[in-house]
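K.L.:
Quick one: the structure is below, questions incoming.
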Amino acid sequence: MNADSSTRYGTLTRILHWSMAALFAIQFTSAMAHYGFEDSAFEALFWPWHKPLGFVLLVLAALRLAWALAQRTQRPPSVSLAARLGHIALYLLMISIPALALIRQYGSGRSFEPFGLPLMGGFDGAKIDWMVDLGSLLHGELGWLLFVLVCGHALMVLIHRMQGAQHDVWPRMWGKPD
Ligand code: HEM
Ligand code: HEM
């Protein structure tokens, strides 16, 4: 597994970036199925994956954050302050969105066993209102905000690529390392 360098991201960073991008595509598809296609076959196919996949994304995001911090002195420099702040915002959202959902899940008192892993046993009695309310207030909204930011992120990569080789950041994350 080669590490990052000042001109390109290394193997582990790329594996994390692209596998998570693929899983996020499924995650957003399931959110769209829930939002706009209630009681359809589309929702029945995708929505059951939302919670377990969201949990996997949180675990991967935590690993990715730890790896990014370990590599921070040897990564390609940000092309601008906006890019730097954008990447920080992506990390904050990748962690906080599933974390808020898990807090809500716990507060609801219902058990949660992603892929059979007994993460939360659930409890009898009244639910914990602040946990449920916090998740209900923010989880979906921040989820859609992440979707918009990711679209902007991909668009900026394209725009930089069109500005010529000097501005192109695509080879940092894809293709043969130089
Ligand atoms: C990074 C991971 C996640 C993303 C990007 C994400 C995104 C979203 C989005 C955009 C919605 C809004 C859908 C709508 O408007 O109908 C939503 C809803 C929901 N999510 Fe997630 N989610 C993630 C993880 C999780 C996890 C881990 C759980 C539970 C353990 C969860 C449980 C729910 C539930 C119950 C809803 C429906 C209620 C609501 O809109 O808040 N999500 N999610
Ligand atoms: C959910 C989807 C995505 C997320 C959360 C995401 C997140 C990130 C983050 C946080 C970085 C900084 C490096 C790192 O720490 O990994 C990054 C870099 C990068 N991403 Fe994405 N990304 C997503 C999808 C995409 C897509 C669809 C493209 C294709 C256009 C793309 C192309 C790149 C490129 C080329 C870089 C290097 C940019 C630079 O160093 O300035 N990403 N991405």
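K.L.:
Quick check on residue 67: is it of a type in the set (Phe, Trp, Tyr) and over 21 Å from residue 92 (Cβ atoms)? Walk me through how you get there before you give the answer.
P.N.:
Working: of a type in the set (Phe, Trp, Tyr): yes; over 21 Å from residue 92 (Cβ atoms): no.
So residue 67 fails the test.
K.L.:
For residue 125, only one of the following conditions fails: (1) over 21 Å from residue 16 (Cα atoms); (2) in a helix (DSSP H, G or I). What is its number?
P.N.:
(2)
K.L.:
Within the range 127-134, is there a residue that is under 20 Å from the mean Cα position of the chain (by Cα) and more than 20 Å from residue 25 (Cα to Cα)?
P.N.:
The first filter runs over the range 127-134 and keeps only residues under 20 Å from the mean Cα position of the chain (by Cα), leaving 134.
Adding the requirement that they be more than 20 Å from residue 25 (Cα to Cα) leaves 134.
Yes: the range 127-134 contains one or more residues that are under 20 Å from the mean Cα position of the chain (by Cα) and more than 20 Å from residue 25 (Cα to Cα).
K.L.:
Restricting the search to the range 144-178, which residues are away from ligand 1 (no atom under 16 Å from the Cβ), of a type in the set (A, V, I, L, M, F, W, C), under 18 Å from residue 13 (Cβ atoms) and touching a residue at least 60 places away in the same chain (Cβ under 8 Å)? Can you show your working first?
P.N.:
First, the residues of the range 144-178 that are away from ligand 1 (no atom under 16 Å from the Cβ): 155-178.
Narrowing the set further to residues that are of a type in the set (A, V, I, L, M, F, W, C) leaves 155-159, 162, 165, 169-170, 173-174.
When the remaining residues are screened for being under 18 Å from residue 13 (Cβ atoms), the result is 157, 169-170, 173-174.
Passing the criteria: 169, 173, 174.
K.L.:
Could we say that residue 123 is of a type in the set (Phe, Trp, Tyr) and over 16 Å from residue 143 (Cα atoms) here? Steps first, please.
P.N.:
On the way: of a type in the set (Phe, Trp, Tyr): yes; over 16 Å from residue 143 (Cα atoms): yes.
When the stated conditions are applied, residue 123 passes them.
FYI, it's all coordinate maths here, none of it is from the lab. On a predicted model such as this, the values are computed, not experimentally measured, just so you know. Counting neighbours? That spans all protein chains shown, and the Cβs are built from the backbone with ideal geometry, glycine included.
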